[in-house]
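Beneath this line is the structure, given in structure tokens, with notes to follow.
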Amino acid sequence: MLVRPDDEVYRVDAVWLGPQGLTFPWTARYSAYGIWIVLFVGVLVVEAVLPMRVSMPPVWELVITILVTYALTGIIDHDRPLISVWQLLRWEIKAPRDPVVNRPVHTTASSLRLRENHVRIRQKS
């Protein structure tokens, strides 16, 4: 069941479908275009700095940035903007954790189970 919000502002999705009469076959929010261009330029810069070969046209770079943009825009929306997702990620990383207790392990020879060695050793004749 799809529950629609009561507020008319949220019913309008801020998307650009393309020029009048020549619409794109997809719908994307304005923020998705900004996220995509930042990711695309970032991937090209990383490839320029590292000794990697960039093909012309950069097909794999386009595919990677489109998939990452699709994943990010699935998380980022008008209820959860990019800034709040970034802060949440930082807080989760910096959150205090319970210290790991290193307990000493005591073993005795009688508590260890030994198996026979199944490797055959050839004897020189």
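The values are calculated or read from the model by the stated rules, or taken from the named source; none is laboratory data. Keep in mind the model is a prediction, meaning the values are calculated, not measured. A quick note on method: Cβ atoms are made from the backbone with ideal geometry, for glycine too, and the neighbour counts reach across all protein chains shown.
Show the residue pairs that are 6+ apart or on different chains and have beta-carbon atoms under 9 Å apart, the first residue being within segment 20-43 and without any contact (Cβ under 8 Å) to a residue 12 or more places away in the chain, the second being among the aliphatic types (A, V, I, L, M) and part of a loop (DSSP other than H, G, I, E, B).
What qualifies is 23/17; 24/17; 26/17.
Give segment 77-96 a look and list any residue that's among the charged types (D, E, K, R) and either outside any helix (DSSP H, G or I) or in contact (Cβ under 8 Å) with a residue 40 or more places away in the chain (or both), or say none.
77, 79, 80 - these are the residues of segment 77-96 that are among the charged types (D, E, K, R) and either outside any helix (DSSP H, G or I) or in contact (Cβ under 8 Å) with a residue 40 or more places away in the chain (or both).
I'm told residue 10 meets every condition in (1) outside any loop (DSSP other than H, G, I, E, B); (2) modelled with pLDDT of 80 or more except one. Can you identify the failing condition by its number?
(2)
Can you confirm whether segment 50-63 contains a residue that is charged (D, E, K, R), at pLDDT 85 or above and within 30 Å of residue 28 (Cα to Cα)?
Yes - at least one qualifying residue is present in segment 50-63.
Okay, residues lined up against (1) under 30 Å from residue 78 (Cβ atoms); (2) within 17 Å of the chain's Cα centre (by Cα); (3) not aromatic (Phe, Trp, Tyr):
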| position | (1), (2), (3) |
| --- | --- |
| 26 | yes, no, no |
| 31 | yes, no, yes |
| 34 | yes, no, yes |
| 41 | yes, no, yes |
| 47 | no, no, yes |
| 61 | yes, yes, yes |
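Do you know which residues across segment 32-49 are β-branched (Val, Ile, Thr) and exposed (fewer than 13 other Cβ atoms within 10 Å of the Cβ)?
Correct list: 37, 38, 41, 45, 46, 49.
Within segment 57-76, which residues are free of Cβ contacts under 8 Å to residues at least 24 places away in the same chain and not in a helix (DSSP H, G or I)?
57, 58
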